[in-house]
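Reading through the structure tokens given below for one structure.
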Amino acid sequence: MDEHTDVQFKSLSRVGIMGGTFDPIHLGHLVTAEAARSEFKLDKVIYVPSGQPPHKKGLHVTDKKRRYLMTFLAVSANPYFEVSRAEIERPGETYTIDTVRYFKKNMALGSELFFITGADAIFEILSWKNVDELFELCTFIAATRPGYNLGGLRKKLSTELKGRQLEKIIPIEVPAMAISSTDIRERVKKGRTIKYLLPEPVENYIHKKNLYK
Ligand code: ATP
Ligand code: MG
């Protein structure tokens, strides 16, 4: 990925990355990223739609250009939000470690990188490629979503993790939102409404392109 054609983040000192399949992006993602931005005083949150997610192998995933476009439509109204093409332009399976390395390499010395994720995904992360290096390069912001209580998460983390990794996962509470992309896709398929679960331009795009039917 050529950094000149992607989001510019060289001058920023606190950057958040929001990774996801975003099939489609919804208000759960936006509320979480905004809460992290505000609580951690991030200069920007950069959404990174995944290319070919290794954990979704065999499942049908919408074309990456369309997922990128929906993400772009959803975040363009927030000056603190950007979308990166880093993963959709990388050939083959995409791994978070490559993305984090790419961001870190292009950021100023002394700047800080945060990886924003749902709390439910944090235990998956421990099974990711190059997990030790990941923890060296960034701090994880783990947002609770419905069904995951913060106290329980802290307890589970402290029994399963070593000191250094534990310090680099910071749980935050976001307004509980029972929204998921899976549910939105199922609703569309059944002809049920998805209004107010995601930004209107994304809803319009889904209907116009007949996605998830
Ligand atoms: P799917 O149902 O297809 O798995 P999803 O809604 O989980 O989709 P992803 O693109 O897989 O969306 O998630 C990207 C990131 O956003 C993950 O870190 C996930 O934990 C987080 N996330 C998803 N939905 C919510 C939500 N409602 N509240 C907070 N975080 C969320
Ligand atoms: Mg998910």
Note on residue 141: of the conditions (1) part of a strand (DSSP E or B); (2) open to solvent by less than 10 Å² (accessible area, probe 1.4 Å); (3) out of contact with any Pro (no Cβ under 9 Å at 6 or more places or on another chain), unmet is (3)
Counting just the residues of segment 118-129 that are closer than 21 Å to residue 28 by Cβ and open to solvent by 10 Å² or more (accessible area, probe 1.4 Å), which one comes out nearest to ligand 1 (Cβ to nearest atom)? 118
Go through 81, 72 for me and flag whichever is out of contact with any helix residue (DSSP H, G or I) (no Cβ under 8 Å at 6 or more places or on another chain) and at pLDDT 95 or above. 72
Would you mention how many residues in segment 162-194 are at pLDDT below 95, more than 12 Å from ligand 1 (Cβ to nearest atom), assigned to a loop (DSSP other than H, G, I, E, B) and open to solvent by less than 70 Å² (accessible area, probe 1.4 Å)? 1
May I ask you to list the residues in segment 29-60 that are more than 17 Å from residue 95 (Cβ to Cβ), within 14 Å of ligand 2 (Cβ to nearest atom) and touching a strand residue (DSSP E or B) at 6+ places or on another chain (Cβ under 8 Å)? 29, 32
State yes or no: is residue 171 over 19 Å from the mean Cα position of the chain (by Cα) and under 21 Å from residue 48 (Cα atoms)? no
Just to check your reading of the model, which residue among 50, 38 is of a type outside the set (D, E, K, R), more than 23 Å from residue 204 (Cβ to Cβ) and surrounded by fewer than 20 Cβ atoms within 10 Å (Cβ to Cβ)? 38
Test for residue 65: is it open to solvent by 60 Å² or more (accessible area, probe 1.4 Å), away from ligand 1 (no atom under 13 Å from the Cβ) and basic (Lys, Arg): yes
What do you reckon, is residue 211 under 25 Å from residue 77 (Cβ atoms), surrounded by 13 or more Cβ atoms within 10 Å (Cβ to Cβ) and at pLDDT 95 or above? yes
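The values are calculated or read from the model by the stated rules, or taken from the named source; none is laboratory data. What you see is a predicted model, and the numbers here were worked out from it, not measured in a lab. Note that we place each Cβ from the backbone using ideal geometry, even for glycine, and neighbour counts take in every protein chain shown. These accessible areas exclude ligands, DNA and RNA; they are computed on the full protein's heavy atoms, side chains included. Shrake-Rupley method; radii C 1.70, N 1.55, O 1.52, S 1.80 Å.
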